1. Can you tell me which of (1) open to solvent by 70 Å² or more (accessible area, probe 1.4 Å); (2) touching a Leu at 6+ places or on another chain (Cβ under 7 Å); (3) modelled with pLDDT of 95 or more is the one ARG95 doesn't meet?
2. Does ALA26 count as at pLDDT 90 or above, touching a Ser or Thr at 6+ places or on another chain (Cβ under 6 Å) and not β-branched (Val, Ile, Thr)?
3. Go through (1) of a type outside the set (Asp, Glu); (2) more than 18 Å from the chain's Cα centre (by Cα); (3) surrounded by 15 or more Cβ atoms within 10 Å (Cβ to Cβ) and name the single condition GLY33 misses.
4. Could you list, in sequence order, the residues of region 70-125 that are within 17 Å of the chain's Cα centre (by Cα), free of Cβ contacts under 8 Å to residues at least 12 places away in the same chain and in a loop (DSSP other than H, G, I, E, B)?
5. I'd like the full set of residues that are closer than 25 Å to TYR4 by Cα and modelled with pLDDT under 90, limited to region 34-56.
Amino acid sequence: MRTYARTWPQRTWAVEGSNGAGRSLAQRLLADGERVVDVPAKLSARVRLFDTGHNRKTDAHDAHAVAVVAVRTRSLRVLAYDEQLEVLRMLVDRREELTGQRIQVINRLQRLLAELTPGKVKKDINTHLADQG
């Protein structure tokens, strides 16, 4: 994608939802020194609706709507690469993953204990109790 876009020396990338689903793409482009603007999903949805007469999402309609918003809207937020913020986001994402895994382990342990000792398992088991166990 970037190889193809190199034919335009002064280019701007428009990313819909740069704080959500488009975050990794936007951050990758910013890390490579590209200029990136954030296109709010509501604006591109409006363009899709007025352009096609419906608001059904397809890749082609999405790309066109984002491009139209980027070309016609001068007040879009220009993104800046913040390495420290990106590291913090990665750490938060990893913490959420680990928390989810921990909950899965506790639930699995609770289920196994209930199967092995029916009627004798505490309802509120946690990892601390399991370690003592």
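The values are calculated or read from the model by the stated rules, or taken from the named source; none is laboratory data. Because the structure is predicted, anything quoted here is derived from the model rather than measured. When we count neighbours, we look across all protein chains shown, and the Cβ atoms used for this are built from the backbone with ideal geometry, even at glycine. Ligands, DNA and RNA are excluded from the accessible area calculation, which covers all protein heavy atoms including side chains. Shrake-Rupley method; radii C 1.70, N 1.55, O 1.52, S 1.80 Å.
1. Status for ARG95: all satisfied but (2).
2. Working: at pLDDT 90 or above: yes; touching a Ser or Thr at 6+ places or on another chain (Cβ under 6 Å): yes; not β-branched (Val, Ile, Thr): yes.
Answer is yes for this residue.
3. Going through the list (1) of a type outside the set (Asp, Glu); (2) more than 18 Å from the chain's Cα centre (by Cα); (3) surrounded by 15 or more Cβ atoms within 10 Å (Cβ to Cβ), GLY33 breaks only (3).
4. Passing the criteria: only ASP82.
5. SER44
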